[in-house]
Amino acid sequence: MNEATSSPVEIRRLWPSDKEAFRDHLLSLDPRSRHLRFGGGMSDDFLVHYAENCFGKGDLLYGAVADGKLVGAAELRSNQAIWSEQAPFGRNIHAEAAFSVDQAYRRRGIGEKLFKRILRAATNHGVETIEIVCLPENVGMQSLAKKFHAHFTFEENSLTGRLTVRRPTALSLIREASADAADFGAALFDAHWRAVAEP
């Protein structure tokens, strides 16, 4: 049993302190994974710039962490959303979701766990519709999204999956707030661990 299959994986929200870990995760993706994730062969410079702009008020990111390393990520991004101020019961936001998992950590259910966290976050942050844009050959992403009842249509050179998010409840909002608090603590610990581990 190799390290990737034996290491426990923690799913948690990512914060600005995780920006470098998120950047390193994107840079570690192999060429085919980059192509499937971004719809083309993106350069290192593009990925560095992309990671720098993924923690704005319209962004929610979640990660899969194993042995202190980010091995998977899920993004929920919208130009409309201001997460700290948006009333969740307004439900007028459309957001796009995207996913990436390191090759060595696939087929462990990580994508499904990340998808569930994205759905829960969308429910509690005023998102009404989630869109997932992927290449026709990205069968893995299509299969994952269809597990959550996404419906795909062909648009130009890509497929767009759409799903409607459930309405929030008082309990779901409380659970989200509690999870965010725990995840923030974990992020601070991981940031400290990375700082100590650096030569």
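Of all residues in segment 124-156, which are assigned to a loop (DSSP other than H, G, I, E, B), open to solvent by 60 Å² or more (accessible area, probe 1.4 Å) and either within 18 Å of F38 (Cα to Cα) or modelled with pLDDT of 95 or more (or both)?
Residues of segment 124-156 assigned to a loop (DSSP other than H, G, I, E, B): 125-126, 135-138, 148-150, 156.
In the following step, the residues that additionally are open to solvent by 60 Å² or more (accessible area, probe 1.4 Å) were identified as 137, 149, 156.
E137, E156, listed by residue number.
Filter segment 101-111 down to the residues that are surrounded by fewer than 17 Cβ atoms within 10 Å (Cβ to Cβ) and among the charged types (D, E, K, R) and list them by number.
Residues of segment 101-111 that are surrounded by fewer than 17 Cβ atoms within 10 Å (Cβ to Cβ), as a first pass: 103-104, 106-107, 109.
Matches in segment 101-111: R106, R107.
Would you check which residues across segment 102-119 are without any contact (Cβ under 8 Å) to a residue 60 or more places away in the chain and either part of a helix (DSSP H, G or I) or of a type in the set (G, A, S) (or both) and list them? Lay out the reasoning, then the answer.
The first filter runs over segment 102-119 and keeps only residues without any contact (Cβ under 8 Å) to a residue 60 or more places away in the chain, leaving 106-107, 109, 111-112, 115-116, 118-119.
G109, G111, E112, F115, K116, I118, L119 - these are the residues of segment 102-119 that are without any contact (Cβ under 8 Å) to a residue 60 or more places away in the chain and either part of a helix (DSSP H, G or I) or of a type in the set (G, A, S) (or both).
Within the group L114, L119, which residue is open to solvent by less than 30 Å² (accessible area, probe 1.4 Å), modelled with pLDDT of 90 or more and either within 22 Å of S17 (Cβ to Cβ) or within 15 Å of the chain's Cα centre (by Cα) (or both)? Let's see the steps before the verdict.
Numbers: L119 fails: open to solvent by less than 30 Å² (accessible area, probe 1.4 Å).
Selected residue: L114, the only one of L114, L119 that is open to solvent by less than 30 Å² (accessible area, probe 1.4 Å), modelled with pLDDT of 90 or more and either within 22 Å of S17 (Cβ to Cβ) or within 15 Å of the chain's Cα centre (by Cα) (or both).
Enumerate the helices (runs of 4 or more DSSP H) found wholly within segment 7-62, keeping only those where 1 or more residues are surrounded by fewer than 16 Cβ atoms within 10 Å (Cβ to Cβ) and in contact with an Asp or Glu (Cβ under 8 Å, 6 or more places away or on another chain).
On the way: elements: 19-28, 31-38, 44-52.
Answer list for segment 7-62: 19-28.
Can you tell me which residue among D18, D67 is charged (D, E, K, R) and in contact with a helix residue (DSSP H, G or I) (Cβ under 7 Å, 6 or more places away or on another chain)?
On the way: D67 fails: in contact with a helix residue (DSSP H, G or I) (Cβ under 7 Å, 6 or more places away or on another chain).
Step by step, each of D18, D67 is checked, and only D18 is charged (D, E, K, R) and in contact with a helix residue (DSSP H, G or I) (Cβ under 7 Å, 6 or more places away or on another chain).
May I ask you to list the residues in segment 41-69 that are more than 27 Å from G126 (Cα to Cα), modelled with pLDDT under 95 and of a type outside the set (D, E, K, R)?
Once the filter is applied, which keeps residues that are more than 27 Å from G126 (Cα to Cα), modelled with pLDDT under 95 and of a type outside the set (D, E, K, R), segment 41-69 yields G41, M42, S43, A66, G68.
Mind checking which pairs have a first residue in segment 164-177 that is in a helix (DSSP H, G or I) and a second that is at pLDDT below 70 and of a type outside the set (A, V, I, L, M), Cβ under 7 Å, 6 or more apart or different chains?
L173/P88
Of (1) at pLDDT below 90; (2) open to solvent by 70 Å² or more (accessible area, probe 1.4 Å), S78 satisfies all except one. Which?
Condition not satisfied by S78: (2).
The values are calculated or read from the model by the stated rules, or taken from the named source; none is laboratory data. Not measured: the values here are computed from a predicted model. With ideal geometry, Cβ positions are generated from the backbone for all residues, glycine too; neighbour counts draw on all protein chains shown. Keep in mind that these areas ignore ligands, DNA and RNA; they rest on the heavy atoms of the full protein, side chains included. Shrake-Rupley method; radii C 1.70, N 1.55, O 1.52, S 1.80 Å.
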